[in-house]
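Below is one structure; the comments refer to it alone.
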Amino acid sequence: MNVKLETSLKCPFCGEEEMVLMPTDKCIRRYVCRNCKVVLEPKDKDCCVFCSYAKDKCPSMQEESDSGDSKLHL
Ligand SMILES: [Zn+2]
């Protein structure tokens, strides 16, 4: 399994993109944009700010979608 730990987090308010290392042991539910200082919080149903705003899902969601893929079998 290939879990990406570094992702590009994009602020929905100012468009600032930042490379962020995602921790595997916890969810980040608050993230302060380095540019406009707005506090990002996960949208509905998302477990962390990465799932809501980053290019990649957080490590735990990546693992989940990996096992989901094998069930779907296109
Ligand atoms: Zn921002």
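If you go through region 12-56 and keep only what is without any contact (Cβ under 8 Å) to a residue 40 or more places away in the chain, buried (at least 17 other Cβ atoms within 10 Å of the Cβ) and outside any strand (DSSP E or B), you end up with Met22, Cys27, Ile28, Cys33, Pro42, Asp46, Cys48, Cys51, Ser52. Taken together, the residues in region 12-41 that are within 16 Å of the ligand (Cβ to nearest atom) and under 22 Å from Gln62 (Cβ atoms) amount to 10. Within region 1-11, the set of residues being closer than 13 Å to Met61 by Cα and either aliphatic (A, V, I, L, M) or surrounded by fewer than 13 Cβ atoms within 10 Å (Cβ to Cβ) (or both) comprises Met1, Asn2, Val3, Leu5. Kindly establish whether Leu9 is over 15 Å from the mean Cα position of the chain (by Cα) and either at pLDDT 95 or above or outside any strand (DSSP E or B) (or both). So Leu9 does not fit the description; no.
The values are calculated or read from the model by the stated rules, or taken from the named source; none is laboratory data. Since the structure is predicted, the reported quantities are computational estimates derived from the model, not experimental observations. In this analysis, Cβ positions are derived from the backbone assuming ideal geometry, glycine residues included, and neighbour counts consider all displayed protein chains.
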